[in-house]
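To start, the structure itself, in structure tokens.
No lab work stands behind these numbers, since they all come straight from the coordinates. Remember, it's a predicted structure, so these values are computed and weren't measured experimentally. Here Cβ is always computed from backbone atoms with ideal geometry, including for glycine, and neighbour counts include all displayed protein chains.
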């Protein structure tokens, strides 16, 4: 007995070809799309904090010299500050 015109593997062949075509078209779409990156607000804040820390680390050396000078003056007993100057700074700070 012979049955003509029916190929049981024909649907499988068509499905395989369609899926390959879809993969190719998706690859073309992906390659033509432009890449982009976005970061969250937290990541942006962390980036800004890193920049501030870098700037502060550069300023830190200047303050370290000032602190060393004041410590040396205190150790020698030469560091004198008037009470009026201290009072003015306290008022400025809280105003």
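Just a few scattered comments:
- Placing a pseudo-label 7 Å from each Cα along the Cα-to-Cβ vector at residue 36 and residue 70 gives an inter-label distance of 5.0 nm.
- Spin-label pair residue 54-residue 84: with each label point 7 Å from Cα along the Cα-Cβ axis, the two points sit 4.6 nm from one another.
- Residues 34, 58, sorted so that the one with the fewest Cβ neighbours within 10 Å comes first: 34, 58
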